[in-house]
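Chemist: Got a structure here, written out as structure tokens. Questions coming.
The values are calculated or read from the model by the stated rules, or taken from the named source; none is laboratory data. What you see is a predicted model; the values in this text were computed from it and never measured. Neighbour counts run over all protein chains shown; Cβ positions are idealised from the backbone, glycine included.
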Amino acid sequence: MATILDGREVSRIYRQKIKEEIQQITSKGRRKPSLAVVLVGNDPASQVYVNNKRKACQQVGINSLFYHLPEDTEEEKLLNLVEELNENPEVDGILVQLPLPKHINPQKVIETIRPDKDVDGFHPENMGRLIANLDGGFIPCTPLGIKILLDHYGIDVKGKDVTIVGAGYIVGKPLSVLLLNNNATITVCHIYTKDLKKHTLNADILVSATGVPHLIKEDMVKNGAVVIDVGISKVNGKIVGDVDFEKVKERASYITPVPGGVGPMTITALLMNTLKAYKMHEGIA
Ligand code: GUN
């Protein structure tokens with residue numbers, strides 16, 4: 001029976017530290033950090049995520065400015081808003097919730113966000129810094145949250161065989177680079193992978209980030225593996241991950257639940273990135 005990697009509890013600990021650091025800085029008369037959150041349209045899941053992010057900001061003393069634009073907002077209008085936020089010295093971080101409506105090119109939006117305010121870490125400059133393993137950039141929130149969770153439980157990735165299922169821009173790709181930078185041996189699987197099970201069975205650490213409910217079955221997991229479930233799907237009104245949790249937990253050494261695993265850690269990493277942006281802007285070491 002696996003140990004649960006408790007993202008809620010670890011988040012509570014790190015958010016308390018963030019809150020105390022912000023209190024300490026602002027008690028000396030400095031302004032509060034602030035994050036601009038932009039949501040276009042009414043996707044129900046995105047609305048939940050954005051609400052959770054804003055609540056978390058409030059908990060730790062980060063100002064959150066919320067821009068809710070209608071579904072039919074023109075691309076140029078969104079780009080103008082991002083440019084305004086780029087210029088606003090009171091704004092430390094800018095987060096445009098993805099996915100965007102089909103008529104808006106997400107790459108254009110991502111490239112318009114100034115890299116020093118790109119707390120999602122999606123701008124090519126920040127992705128480039130991650131690949132080059134350079135300090136001073138932002139690491140995307142889900143990969144960073146996963147790394148903090150593993151570190152908290154003393155799980156060292158060095159020399160481990162890590163299999164990541166899902167090669168997306170938000171999780172799989174940047175996570176593969178982050179763990180490679182930490183000397184893991186990485187395999188990234190995707191829809192064209194010939195024999196998924198061969199690769200998942202080899203993993204000391206298995207990460208699934210596909211959004212396919214119950215893709216990862218017990219017979220695809222090595223005994224004693226660490227299993228990280230990034231998936232969030234709704235099945236019959238219930239939130240489930242990519243992993244067949246009840247069966248796989250009997251085989252794994254550590255496992256993240258859904259909900260309550262990676263999700264809260266993603267938001268905690270966003271708070272960390274926003275605090276980092278604020279400190280850079282305020283010239284605090
Ligand atoms: N949609 C799903 N995950 C994310 C994320 O980390 N950031 C943003 N902006 N949108 C997302």
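Chemist: What residue, of 64, 46, is assigned to a strand (DSSP E or B), at pLDDT 95 or above and touching a strand residue (DSSP E or B) at 6+ places or on another chain (Cβ under 7 Å)? If you could, list the steps in order and put the result at the bottom.
Modeler: Details: 46 fails: assigned to a strand (DSSP E or B).
Just one listed residue meets the conditions, 64.
Chemist: Search the stretch 86-109 for residues that are more than 21 Å from residue 269 (Cβ to Cβ) and of a type in the set (Gly, Ala, Ser) and pair each with any residue that is assigned to a loop (DSSP other than H, G, I, E, B) and at pLDDT 95 or above when their beta-carbon atoms are under 6 Å apart and the residues are at least 6 apart or on different chains.
Modeler: Close Cβ pairs satisfying both conditions: none exist.
Chemist: So which residues in the stretch 209-228 are assigned to a loop (DSSP other than H, G, I, E, B) and not charged (D, E, K, R), if there are any at all? Even if it seems obvious, please write down each step before you answer.
Modeler: Residues of the stretch 209-228 assigned to a loop (DSSP other than H, G, I, E, B): 209-215, 217, 221-225.
Across the stretch 209-228, the qualifying residues are 209, 210, 211, 212, 213, 214, 215, 221, 223, 224, 225.
Chemist: Looking at (1) more than 24 Å from residue 239 (Cβ to Cβ); (2) crowded, with 17+ Cβ neighbours inside 10 Å; (3) more than 16 Å from the ligand (Cβ to nearest atom), which is the one condition that is false for residue 19?
Modeler: Result: residue 19 passes all but (2).
Chemist: Still on this model: Would you tally the residues in the stretch 12-43 being closer than 25 Å to residue 83 by Cβ and in a helix (DSSP H, G or I)?
Modeler: Residues of the stretch 12-43 that are closer than 25 Å to residue 83 by Cβ, as a first pass: 31-43.
Right, trim to in a helix (DSSP H, G or I) and you get none.
Summing the residues that are closer than 25 Å to residue 83 by Cβ and in a helix (DSSP H, G or I) in the stretch 12-43 gives 0.
Chemist: Can you give me the number of residues within the stretch 146-175 that are away from the ligand (no atom under 16 Å from the Cβ), over 19 Å from residue 7 (Cα atoms) and hydroxyl-bearing (Ser, Thr, Tyr)?
Modeler: Qualifying residue count, the stretch 146-175: 1.
Chemist: While we're here: Got a number for residues in the stretch 185-212 being of a type outside the set (Val, Ile, Thr) and surrounded by fewer than 19 Cβ atoms within 10 Å (Cβ to Cβ)? Write out each step before concluding.
Modeler: The first filter runs over the stretch 185-212 and keeps only residues of a type outside the set (Val, Ile, Thr), leaving 189-190, 192, 194-199, 201-204, 206, 208-209, 211.
Among the residues that remain, those that are also surrounded by fewer than 19 Cβ atoms within 10 Å (Cβ to Cβ) are: 190, 192, 194-198, 201-202, 204, 211.
Selection size over the stretch 185-212: 11.
Chemist: Another question, if that's okay. State all residues of the stretch 229-247 that are in a loop (DSSP other than H, G, I, E, B) and surrounded by fewer than 17 Cβ atoms within 10 Å (Cβ to Cβ); if no residue qualifies, say none. Step through it out loud before you land on a result.
Modeler: Within the stretch 229-247, the subset in a loop (DSSP other than H, G, I, E, B) is 230-232, 236-237, 241-242, 244.
Within the stretch 229-247, 236, 237 qualify.
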